[in-house]
Each structure stands twice: as structure tokens, then as C-alpha cells.
Amino acid sequence: MDGWRPQDEAESAAGWRLWLALTSRLWPPAEWDGTPAAALGGLREVLAECDGIRGACAGDQAAAVLRLVDSVVFVVSLPLDLWRDDVLPVDADRAALLHSDLAGVVEHAADVRAVLARGGGWAELEAR
């Protein structure tokens, strides 16, 4: 993943929003009902935040942060497409598959967060 440096204050704010969105919301909450569809609630929130960031950058389609947003949308969309309508509680095999799909999102999110933290100047926050 390429480095990122915000061009201006607006892009810095967009990067910060993306960093915050990827800080949490990726794993199911404690009150999860055991269904894949419910496990994806946080991913839906991440997609909504990505849409908001894209809307905020509508006047600057060349903003480098949009490449990071697009990568997050792509990676998050994969498990959403697979599991969004699955409302049956997971068994051991399906739980392993769901966990693997969510772990892939978490791994990508960690990479994006690291790029954002280095470029945005808040790398010390990433270390915590």
C-alpha cells in the first residue's frame, strides 16, 4: 500500500474519519446473536462512513485518501456480499469461515490505519 500525505486540511480530516472508522466496528459486538448477518453490522457502518468521506471529497476526486477509501470499500464488500442475508446461527464450520473473512478485513484495516497514521502525523496513536 502506498504512503499517504494529506494535501490539505479537508483531506487530513477525511483521513482521520477513515482512521476512526477502522479503529472499531470490525468484529461483532458482545451482544451478537450468532448470525453472520448480525456480525456484519460494524462493516455496514464502515461502508456508510466511507460513503460520507467520498461525499465530503466530492469536489476533489484526486484526493489520495480516496484510494484508501476505495480499498476499504472493496475489502469490506466481499464478506458483506457473502454473508449479509445469512440469518442462521453459525455452526463451528461456518464460524471458522466467517472468522476468516472478518480477519481478512481486520488485517486490511490495520494496514490502512498504519498508512493513515504515518501520513497524517498521528503514528503515536497507532502504537497504543
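The values are calculated or read from the model by the stated rules, or taken from the named source; none is laboratory data. Being a predicted model, the structure only gives us computed values, none of them experimental. Neighbour counts run over all protein chains shown; Cβ positions are idealised from the backbone, glycine included. The protein model used for the area step is the full one, side chains on, heavy atoms only, and it has no ligands, DNA or RNA in it. Shrake-Rupley method; radii C 1.70, N 1.55, O 1.52, S 1.80 Å.
Structure values in brief
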quantity	calculated
Kyte-Doolittle mean at least 1.6 and Cα axial length at least 27 Å: DSSP H helices in the chain	65-83
Sulfur and carbon atoms: percent of accessible area, the chain [1.4 Å]	56 percent
Rg to Rh, two decimals, where the range 1-59 supplies the alpha carbon set and Rh follows Kirkwood	1.10
The range 1-44, relative contact order [Cα under 8 Å, separation at least 6], %	29 percent
Gaussian network model of the chain, springs between alpha carbon atoms under 10 Å - residue of 112, 65, 90 with greatest fluctuation	90
Proportion of all alpha-carbon pairs of the range 19-128 beyond 18 Å (%)	51 percent
Furthest towards positive pole of dipole, 29, 55, 88, structure part the range 12-128, Cβ charges	55
Relative contact order (%) - criterion: Cα under 8 Å, at least six apart; region: the range 29-128	34 percent
